[in-house]
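Engineer: Have a look at this one.
The values are calculated or read from the model by the stated rules, or taken from the named source; none is laboratory data. Not measured: the values here are computed from a predicted model. Cβ: placed from backbone, ideal geometry, glycine included. Neighbour counts: every protein chain shown. For the accessible areas, the whole protein counts, side chains as well, though only heavy atoms, and no ligand, DNA or RNA atoms are used. Shrake-Rupley method; radii C 1.70, N 1.55, O 1.52, S 1.80 Å.
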Amino acid sequence: MAPTYDIETLLLAQPSVRTVAGVDEVGRGAWAGPVTVCAVVTDLSAPPTGLTDSKQLSAAKRDKVAAELETWAAGIGFGEAGHDEIDRLGMTEALRRAARRALEALPTRPDAVILDGKHDYIGAPWPVRLEVRGDAASISVAAASVLAKVRRDAYMAEIGCEAYGFAENAGYPSPQHQQALAELGPTAHHRLSWSYLDDLPAWRHLKRHRDPAAVEGQVSLFG
């Protein structure tokens, strides 16, 4: 099912809403690199052919669609929170900061936000409508999904770390990434508060400890 403007139209029917932004993130579950958030505003025109949830597109198709989105969208804003910010603040706060940076980077402040998922990590004063699988339902959220994915993937490919396979896995726990971590330890780009370090005796001393209640999205290396 292709995304539509149904949600945007519903929000724009409210007298106080003139501009709607779709927001999505990528990198929440990675072990290395930043979390990237994109916000997109459209003029409700027909989107580039093939636009849908970024996870449903091949890398080549995502790149093509993203290039078209850059000239098609009425406004695009990006925000990021790096691995050090994630370690220091926790993922929820890092996402909140990245999302607000993305929204503030738009040329016009939106009156309403469609956020992919079921948890509002943006918060006041932004009026947020949560939409589970919003990247498959909303055109503006789908556009944000593709642009965020392409931007973060490109960054992870550029930072090197060939032994870890970042160009292929974008910092997610692929077998190559897991093996490199076990043998070589974390790089300067890894999130050091995450629980994969608990399973690496040689590198466990590098673990950064915070309030467990503030940590989420962690995955054990061998669990």
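Engineer: Looking only at segment 128-163, which residues are open to solvent by 50 Å² or more (accessible area, probe 1.4 Å), of a type outside the set (A, V, I, L, M, F, W, C) and without any contact (Cβ under 8 Å) to a residue 24 or more places away in the chain?
Structural biologist: The answer is E158, E162.
Engineer: Shifting gears a bit: Would you pick out the residues in segment 41-62 that are open to solvent by 50 Å² or more (accessible area, probe 1.4 Å) and closer than 23 Å to A112 by Cβ? Show your work before the answer.
Structural biologist: As a first pass, look at segment 41-62 and keep what is open to solvent by 50 Å² or more (accessible area, probe 1.4 Å): 43-44, 46, 49, 55-56, 58-61.
Of everything in segment 41-62, those that are open to solvent by 50 Å² or more (accessible area, probe 1.4 Å) and closer than 23 Å to A112 by Cβ turn out to be D43, L44, A46.
Engineer: Something else now. Scan segment 66-74 and give yes if some residue there is of a type outside the set (V, I, T) and closer than 12 Å to V23 by Cα, otherwise no.
Structural biologist: Filtering segment 66-74 down to residues of a type outside the set (V, I, T) leaves 66-70, 72-74.
Adding the requirement that they be closer than 12 Å to V23 by Cα leaves none.
No, segment 66-74 contains no residue that is of a type outside the set (V, I, T) and closer than 12 Å to V23 by Cα.
Engineer: For segment 186-203, enumerate the residues that are over 20 Å from the mean Cα position of the chain (by Cα), open to solvent by less than 10 Å² (accessible area, probe 1.4 Å) and hydroxyl-bearing (S, T, Y).
Structural biologist: Answer for segment 186-203, where residues must be over 20 Å from the mean Cα position of the chain (by Cα), open to solvent by less than 10 Å² (accessible area, probe 1.4 Å) and hydroxyl-bearing (S, T, Y): just Y196.
Engineer: Of all residues being in contact with a Leu (Cβ under 9 Å, 6 or more places away or on another chain) and open to solvent by 50 Å² or more (accessible area, probe 1.4 Å) in segment 97-126, which is nearest to T19 (Cα to Cα)? Just the residue, please.
Structural biologist: Pass one, segment 97-126, residues in contact with a Leu (Cβ under 9 Å, 6 or more places away or on another chain): 97, 99, 109-122, 126.
Retained after the next criterion (residues that are open to solvent by 50 Å² or more (accessible area, probe 1.4 Å)): 97, 109, 111, 118-120.
Working: R97: 21, R109: 8, D111: 5, K118: 22, H119: 22, D120: 19 Å.
Within segment 97-126, the match that is nearest to T19 (Cα to Cα) is D111.
Engineer: Counting only residues that are out of contact with any helix residue (DSSP H, G or I) (no Cβ under 7 Å at 6 or more places or on another chain) and either more than 19 Å from G79 (Cβ to Cβ) or charged (D, E, K, R) (or both), give me the helices (runs of 4 or more DSSP H) lying completely in segment 127-183 with at least 3 of them.
Structural biologist: Details: elements: 134-137, 139-158, 166-169.
It comes to 139-158.
Engineer: A further question follows. Which pairs do you get when a residue that is among the aliphatic types (A, V, I, L, M), found in segment 49-62, comes within reach of a residue that is surrounded by fewer than 19 Cβ atoms within 10 Å (Cβ to Cβ), reach meaning Cβ atoms under 8 angstrom, with the pair 6+ apart or on two chains?
Structural biologist: Note: pairs meeting the criteria are L51/A2; L57/G50.
Engineer: Which pairs have Cβ atoms under 6 Å, sit 6 or more apart or on different chains, and link a residue in segment 1-24 that is more than 24 Å from F78 (Cα to Cα) to one that is part of a loop (DSSP other than H, G, I, E, B)?
Structural biologist: none
Engineer: I've got another one for you. When the residues of segment 63-77 are narrowed to those that are out of contact with any Leu (no Cβ under 7 Å at 6 or more places or on another chain) and either touching a residue at least 12 places away in the same chain (Cβ under 8 Å) or in a loop (DSSP other than H, G, I, E, B) (or both), which ends up surrounded by the most Cβ atoms within 10 Å (Cβ to Cβ)?
Structural biologist: Kept after step one, since they are out of contact with any Leu (no Cβ under 7 Å at 6 or more places or on another chain), are these residues of segment 63-77: 63-64, 67-68, 70-74.
Pick out the ones that are also either touching a residue at least 12 places away in the same chain (Cβ under 8 Å) or in a loop (DSSP other than H, G, I, E, B) (or both) and you get 63-64, 68, 70, 72-74.
Details: D63: 15, K64: 17, E68: 16, E70: 13, W72: 18, A73: 24, A74: 16.
It comes out as A73.
Engineer: Restricting attention to segment 99-114, report how many residues are closer than 14 Å to V35 by Cβ and touching a Lys or Arg at 6+ places or on another chain (Cβ under 7 Å). Even if it seems obvious, please write down each step before you answer.
Structural biologist: Filtering segment 99-114 for residues closer than 14 Å to V35 by Cβ gives 99-102.
Now narrow it down to the ones that are touching a Lys or Arg at 6+ places or on another chain (Cβ under 7 Å): none.
The qualifying residues number 0.
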